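Please treat every number below as a calculation from the coordinates, not as lab data. In this text, all values refer to a predicted model and were calculated from it rather than measured experimentally. Here the Cβ positions follow ideal geometry from the backbone for every residue, glycine too, while neighbour counts run over all protein chains shown.
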Amino acid sequence: MTVLTLVPTSRELDALEASFHDMNIIGEPTALGRLEAKSYLDGRMIVASGGLGKTQFAIHTQHSVEAIPNVSVALCLGSAGGLNSDLNIGDVVVATETVEHDFNRGLIPGPLPEFEGDARYIFAVRASRSFDELPFAVKFGRVASGDEAIMTTTRAAEVTTATGAIAVAWEGAGGARACRFAEVPFVEIRGISDMANEEAESAFFENIPATMKNLAMFLNKFVTLMPSS
């Protein structure tokens, strides 16, 4: 069984791969349909570009799960803005639910779409004490998903009120929709790169290397501990 890890942007993907290299975890290039990818840990994990935004990420996710016959779980893995004062830069958030905050129903009102992270994999992380050994906190909560950069405290508060999320990012709902369609388990995992405030633009770029390093450490433990089927 394979952990499929899709990373939104090339900046995040390059930082993740560099962190794996520093950890002496070497990837082997592999074809993933029409996408280029790398295989890690004796094929137990494949890492590929997910693309920026919900739509592109959904396309890459659907294409990838169709190209791998034995995907155990698909991950949306990348940076996020923190919406909760209990979070610090570099913390990792495991999404219990991904909530699509920019889904505007207009004339047909209704709740925002939300997608639960796969309970078995989330439980495995919660239950393992090995994650307590990491030099950052691992948190669990709702992640807001929408194609919008959240860069003011006012907008961050609006998203928090609408979704109950503790972090906000772009692509998760796209991956979740594709995995629901393909009947593949899905979990969104995010590293906090900024606090979704007026300093977000500079903080995001400055913190990407450290954020993806933490996600690389998390992912190494995740793959090692995951059930085989």
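Using the count of nearby Cβ atoms within 10 Å as a rough guide to exposure, how do 49, 85 rank from fewest to most?
The order, fewest Cβ neighbours first, is 85, 49.
For the chain, what does the helix formula give at 222 nm: sum of -39500 (n - 2.57) over DSSP H segments with n ≥ 4, over the residue count, nearest 500 deg cm²/dmol?
Mean residue ellipticity, 222 nm, calculated: -12000 deg cm²/dmol.
Only bridges with both residues in the chain count here: give the DSSP antiparallel percent, nearest 5.
For the chain, the DSSP antiparallel bridge percentage is about 40.
How many nm separate the modelled label positions at residue 119 and residue 18, each set 7 Å beyond the Cα in the direction of the Cβ?
4.1 nm
Give the shape of the stretch 1-65 as rounded, prolate or oblate, defined through the alpha-carbon gyration tensor: a ≥ b ≥ c are the square roots of its eigenvalues, a/c under 1.5 means rounded, and otherwise the shape is prolate if a/b is larger than b/c and oblate if not.
oblate
Relative contact order for the stretch 2-225: what percent, with Cα pairs under 8 Å and sequence separation of 6 or more?
Averaging sequence separation for qualifying contacts and normalising by length gives 29 percent for the stretch 2-225.
What is the distance in Å between the Cα centres of the stretch 193-220 and the stretch 18-69?
20 Å
May I ask you to compute the full-extension gain from residue 202 to residue 26, defined as 0.36 nm times their residue separation minus their alpha-carbon distance, rounded to one decimal in nm?
Result: 60.3 nm gained on full extension.
Neighbour counts of other C-beta atoms within 10 Å: give me 65, 93 arranged from fewest to most.
Placing the least packed residue first, the sequence is 65, 93.
At a 10 angstrom cut-off on C-beta neighbours, averaged per residue, how do the peptides 71-77, 193-199 rank from highest to lowest?
71-77, 193-199
Starting from the amide H of residue 196, placed 1.01 Å from N in the peptide plane, find each other amide H under 5 Å away whose residue is 5 or more places distant or on another chain.
Under 5 Å from the amide H of residue 196 lie the amide H atoms of 82, each far enough along the sequence or on another chain.
Rank the residues 221, 139 as a footprinting-exposure proxy: fewest other Cβ atoms within 10 Å of their Cβ go first.
Least crowded to most crowded, the residues run 221, 139.
Grab the Cα-Cα distance for residue 154 and residue 129, subtract it from 0.36 nm times how many residues apart they are, and report the gain in nm with one decimal.
Going from the current span to full extension adds 5.3 nm.
Which lysines, on any chain, are close to residue 38 with Cα under 23 Å apart, when same-chain ones fewer than 8 places away are left out?
Cross-link targets: 54, 213, 221.
Take the alpha-carbon positions of the chain, form their convex hull, and give its projected area averaged over all directions (one quarter of the hull surface) in nm².
For the chain, the mean projected area of the Cα convex hull comes to 11.7 nm².
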